[in-house]
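The values are calculated or read from the model by the stated rules, or taken from the named source; none is laboratory data. Just so it is clear, the model here is predicted, and its values are computed rather than measured. Here Cβ is always computed from backbone atoms with ideal geometry, including for glycine, and neighbour counts include all displayed protein chains. The area values use the complete protein model at the heavy-atom level, side chains included, leaving out ligands, DNA and RNA. Shrake-Rupley method; radii C 1.70, N 1.55, O 1.52, S 1.80 Å.
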Amino acid sequence: MKSGTVAVVGKPNVGKSTLVNVLVGHKVSIVSRHPATTRFRIMGVKTTQDYQIVFVDTPGYEKVRHKLGEIMKDNVIAAIEECDLILAVIDASRYDSEDREILERIKKSEKNVIVVINKIDRISPREKVLSLIEYVNKEFGFLEMIPCSALKGENVDDVEKTIVKYLQEGEKLFPPEFTDSLPQTYKISEIIREKAFEQVYQEVPHSIAVEIEEIKPGDKNPDMMVIMANIIVEKDNQKRIVIGKDGEKLKVIGTSARKEIELLLGKKVYLQLKVKTIENWRDRPDISGRFGYGSI
Ligand SMILES: Nc1nc2c(ncn2[C@@H]2O[C@H](COP(=O)(O)OP(=O)(O)OP(=O)(O)O)[C@@H](O)[C@H]2O)c(=O)[nH]1
Ligand SMILES: [Mg+2]
């Protein structure tokens, strides 16, 4: 039996969470078109007869702009330092100095590193990927470089095989049925955040957090779950945007979140969403800690 922890690290939006989700085989981490979606370390576990891989998905590594950003960056560094192996993800169509900075930081850790060149489905002709591999290899000389497309599932099995190649012999770290580290309430809040993000990203980029106030079986119908949650924003004008004209936006967010939460819980759900303003919550660790953005 082989086992170990793998930190998945890279610039925002390169596809780290998408890759972790396909490798684990279900949705562990929310994904979006927009950078800085993942906010702290998220663990997903893949267990087979022969091995167990514990993936640690991390927030995109980038310049710190607020207190929450600092916590996010600390989480990436802790993941790098604590893991057995690093999966450094880059976007085949967007390799730049930010990637280089991260790769340099990773190199310093002296860990085994596999570089995943993701989004190759965007590259044509495919030979272009080869020159990127050659270039990065010359610069850093990491153990392995694997091109793949997490979105299309292309070559993802190769990524998995290569990880297993570098895992040490060891016992399972978690029971085989364990697939992720997240409490149910956190998953529910992340689903709501993902749907809100889809609707209002342009206007309210990163000021959204979600707080679950209550989850309980329905009074009349105990098979149904009643969930009360607050969408937190930083300013009153953002609150108006999230609610939308005649409550339209909030309704769309609520409906799509409810459907996915029903799938997660395997039950009917009554979801009540409210929108609240808490000024500058991202700069207030007392507040952001409440939404689970400390460390886990
Ligand atoms: N074309 C293409 N798009 C991809 C691929 N993998 C991920 N994406 C898309 O890239 C976007 C970002 O994906 P995420 O998985 O959220 O990226 P991330 O690296 O976790 O981003 P942060 O959490 O913000 O750091 C989403 O729109 C994905 O659908 C891929 O292989 N090909
Ligand atoms: Mg992510």
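What to note about this one:
- Pairs of lysine residues in region 184-291 - Cα separation under 14 Å, sequence separation of 8 or more or cross-chain: 18
- DSSP finds beta bridges in region 2-169, and of those with both partners inside it, around 30 percent are antiparallel.
- Options 150, 109, 76, ranked by Cα towards positive dipole end of region 73-163, top entry (Cβ charges): 150
- The 3J(HN,Hα) values that the Karplus relation (6.51, -1.76, 1.60; θ = phi - 60°) gives for region 11-22 are, in residue order, 4, x, 6, 7, x, 4, 5, 4, 5, 4, 4, 5 Hz. Gly and Pro appear as x.
- Enclosed volume per residue, in Å³, of the convex hull spanned by Cα atoms of region 68-111: 78 Å³
- Estimated at the nearest 10 Å², the accessible area of residue 157 is 90 Å² with a 1.4 Å probe.
- When the Cα positions of 186, 224, 38 are compared along the charge dipole of the chain, 224 comes out farthest toward the positive end, with charges on each C-beta of Lys, Arg, Asp and Glu.
- Approximate shape of region 2-169 as ellipsoid semi-axes (Cα gyration tensor, √5λ), whole Å, largest first: 20, 20, 16
- Listed peptides 205-212, 167-174, 87-94 by packing density, highest first (mean Cβ within 10 Å): 87-94, 205-212, 167-174
- Largest-first principal axis extents, alpha carbons of the chain, Å: 59, 40, 38
- Lys, Arg +1 and Asp, Glu -1 on Cβ, resulting dipole of region 184-291 about Cα centre, debye, nearest 20: 200 debye
- Candidates 247, 60, 69: whichever shows maximal mean-square fluctuation once the chain is modelled as a Gaussian network with Cα springs under 10 Å: 247
- Residue among 102, 133, 123 with the largest mean-square fluctuation in a Gaussian network model of the chain, springs linking Cα atoms under 10 Å: 123
- DSSP-defined beta bridges in the chain - what % are antiparallel, rounded to 5: 35 percent
- Look at the alpha carbon pairs under 8 Å that are at least 6 residues apart: their mean separation over the length of region 2-169 gives a relative contact order of 25 percent.
- The loop-placed trypsin sites (Lys or Arg not before Pro) in region 231-268, going by DSSP, that have at most 15 neighbouring Cβ atoms within 10 Å of their Cβ come out as 235, 267, 268.
- Region 29-84 and region 114-188: distance between their alpha carbon centers, rounded to Å: 14 Å
- Helix axis angle, 248-265 relative to the chain longest principal axis, alpha carbon, degrees: 60 degrees
- Taking all protein chains into account, the per residue accessible area for region 104-247 stands at 54 Å² (1.4 Å probe).
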